[in-house]
Amino acid sequence: MVYFVGAGPGDMELITVKGMKVLQNADVVIYTGSLVSGNILAYCKEGVQVYNSAEMDLPEVIEAIQQGVDQGKSVVRLHTGDPSIYGAIREQMDELGKRGIEFEIIPGVSSFVAAASRVKAEFTLPGVSQTIIITRKEGRTGSSEGGKLSELAKHRASMAIFLSVQSIGQVVEELLTGYDEDTPVAVVYKATWPEEKIIRGTLKDIAEKVAEEKIDRHAQILVGDFMGSEYELSKLYDASFSHMYRRGKE
Ligand code: SAH
């Protein structure tokens, strides 16, 4: 059997119980060496065969999976965070599909929610934003249509920007077409890793602060008034609000 497993953001306890169990049972593990914290491999049994996909291209990854399957082994393809977000799993799944190899996906804690937990924020706040935009600056691997940051900024939604901290200056410039310059920004470097760094600022000063800290990879850029001080209390826990499970007080 083949499993695509979300390893979570870094902290080895942030993999799911299900993901941990298949990892403990795995004969072959192919992991994204540059991003998945190596200590997560401590869950594996002795004698496990480990590949680092950072050094492999797609045909080599598929070949490693195929070999494992041919030998009746349990194969885990370990991805950072959740595999469905910038995981490049589609091309692997399609290739396995062509070969008639069955697989299962076990989700993981994506780094954007891990980053929110570290800055102790809620993305969806009544009266502020009920929408989260997950995106990246168009980069080396091609742009997505309609994905220009300046277009997305017009929604003034809560935003989590992946893979873009190396261009923080341009990111800020594009965001300023939609957000005010005092909009809160948090850059979370290696959320939940021991070397985690959190840099807070606004669109006005964040680029400078990030340059000072020399952060140019492996960070989330969180943007929006959800990190500000104003919001409305939720109706759900309002004492006078009735819903399916609770009658409101007069
Ligand atoms: N599938 C992953 C994202 C892979 S793309 C997920 O769900 O999180 C890699 C990018 O994710 C990095 O450039 C960075 O922007 C972000 N990222 C991954 N792990 C991170 C972490 N622990 N802290 C902050 N950002 C992280």
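Assorted remarks:
- Within a Gaussian network of the chain (alpha carbon springs, distance under 10 Å), most fluctuating of 110, 240, 34: 240
- Greater than 19 Å apart at Cα, pairs in 45/190; 21/45; 190/214; 120/190: 45/190
- Segment residue 84-residue 180, extension gain: residue separation times 0.36 nm, minus the distance between their alpha carbons: 31.4 nm
- Segment 61-138 shape via C-alpha gyration tensor axes, a/c threshold 1.5: prolate
- Exposure of residue 20 as accessible area (Å², to 10), given a probe of 1.4 Å and all protein chains: 50
- Considering only chymotrypsin sites (Phe, Trp or Tyr not before Pro) in DSSP loops that have at most 15 other Cβ atoms within 10 Å, the longest stretch of the chain without any of them is 1-230.
- Within a straight-line Cα-Cα reach of under 15 Å, residue 249 can be paired with the following aspartates and glutamates, leaving aside sequence neighbours fewer than 8 residues apart in one chain: 238.
- Nitroxide proxy distance, nm - points 7 Å out along Cα→Cβ at residue 148 and residue 13: 4.6
- Entries in 137/235; 148/235; 137/197 that, when Cα-Cα distance is taken, lie over 25 Å: 137/235; 148/235
- Taking the helices alone, the chain has a mean residue ellipticity at 222 nm of -6500 deg cm²/dmol, built from -39,500 (n - 2.57) per DSSP H run of at least 4 residues and averaged over all its residues.
- Hydrophobic long helices, here whole DSSP H runs in the chain with Kyte-Doolittle means of at least 1.0 and Cα atoms spread over 20 Å or more along the helix axis, are not found.
- Computed in the context of the full set of protein chains, the accessible area of segment 197-236 at 1.4 Å probe radius has 48% of its extent on carbon or sulfur.
- Pairwise centroid distance, computed over Cα atoms, of segment 220-242 with segment 1-65, Å: 37
- Each DSSP beta bridge with both residues in the chain is either parallel or antiparallel, and the antiparallel ones are about 45%.
- Bridge orientation summary for segment 111-227: considering DSSP beta bridges with both residues in this region, about 75 percent are antiparallel.
- Projecting the Cα positions of 54, 23, 34 onto the charge dipole of segment 2-106 (unit charges on Cβ atoms of Lys, Arg, Asp and Glu, taken about the Cα centre) puts 23 furthest along the positive direction.
- Cα gyration tensor, segment 111-227 - rounded (a/c under 1.5), prolate or oblate: rounded
- Using the 1.4 Å probe convention, the accessible area of the chain works out to 55 Å² per residue with neighbouring protein chains retained.
- When the alpha carbon coordinates of the chain are projected onto the principal axes, the ranges are 62, 49, 35 Å, largest first.
The values are calculated or read from the model by the stated rules, or taken from the named source; none is laboratory data. Bear in mind that the values here come from a model prediction, so they are computed numbers and not experimental data. A quick note on method: Cβ atoms are made from the backbone with ideal geometry, for glycine too, and the neighbour counts reach across all protein chains shown. What goes into the accessible areas is simple: the full protein's heavy atoms, side chains included, and nothing from ligands, DNA or RNA. Shrake-Rupley method; radii C 1.70, N 1.55, O 1.52, S 1.80 Å.
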